[in-house]
Amino acid sequence: MNRAQMSSQERELRSKLNRIIASGEMVRGDLAIIYKKCTTADCGCHKGEQKHPSLYLRVGSGKGRKQYYIPKSRQEEAYQWLARYREAKEILKELSDIYIAKLREG
Ligand SMILES: [Zn+2]
């Protein structure tokens, strides 16, 4: 891969991707707030009152899908890391489109 041979669009996407990757952690999946009963037997949630919201990261789909509880102290980061992953993925997709076109040129 010769940098001089890259299109300006390609160079721009690559440096953007590098910046995103260098800026911190990344996680894939989606974040969902799920309401659950707690373990305190006399809590209102066991008597029909509102259940407790918890944040979960859901990764994968179908039978292989996994769900991870995100502690309160990490919730803000979870959203940031997910956004970073999605941004990087979007740029990878654009780069892939460029290279598909290149492959098809022969
Ligand atoms: Zn409860």
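Can you give the longest stretch of the chain with no exposed loop site, where a site means GluC sites (Glu not before Pro) in a DSSP loop (not H, G, I, E or B) with at most 14 other C-beta atoms within 10 Å?
After excluding every exposed loop site, the longest remaining stretch is 50-106.
Quick check on the chain: take the gyration tensor over C-alpha atoms, sort the square-rooted eigenvalues as a ≥ b ≥ c, and tell me if it's rounded (a/c under 1.5), prolate or oblate.
Taking the square roots of the gyration eigenvalues as a ≥ b ≥ c, the chain is prolate.
In nm, give the distance between the simple-model label positions of ALA4 and LYS51, each being 7 Å from the Cα along the Cα-to-Cβ direction.
6.3 nm
Below 13 angstrom from the Cβ of TYR79, what's the summed charge of the other residues (Lys, Arg +1; Asp, Glu -1)?
For residues surrounding TYR79, the net value is -1.
Tilt of helix 8-22 relative to the longest C-alpha principal axis of the chain, in degrees (0 to 90, nearest 10)?
So the helix axis and the longest Cα principal axis differ by about 30 degrees.
Suppose only helical runs count, i.e. DSSP H with n ≥ 4. What mean residue ellipticity at 222 nm does that imply for the chain under -39500 (n - 2.57) per run, divided by all residues and rounded to the nearest 500 deg cm²/dmol?
Taking each H run of at least 4 residues, the total per residue is -15000 deg cm²/dmol.
So, counting K/R as plus one and D/E as minus one, what does the shell of residues with Cβ under 11 Å around LYS37 add up to?
+2
Suppose R0 equals 30 Å. What FRET efficiency, 1/(1 + (r/R0)^6) with r the Cβ-Cβ distance, do LYS93 and ILE33 give to the nearest 0.05?
So the FRET efficiency works out to roughly 0.60.
Cα-Cα over 20 Å: which of LYS16/LYS93; LYS16/LYS66; LYS37/LYS72; LYS63/LYS93; LYS47/LYS72?
The answer is LYS16/LYS66; LYS63/LYS93; LYS47/LYS72.
Just GLN75, GLN67, GLN50 to compare: in a GNM of the chain, with alpha carbon springs under 10 Å, which one fluctuates most?
Evaluated over the chain, the most mobile residue of the options is GLN50.
None of the figures in this text is laboratory data; all of them are computed from the coordinates on show. Given the structure is predicted, the values throughout are model-derived calculations rather than measurements. Neighbour counts are summed over all protein chains in view; Cβ atoms, including those assigned to glycine, are modelled from backbone coordinates with ideal geometry.
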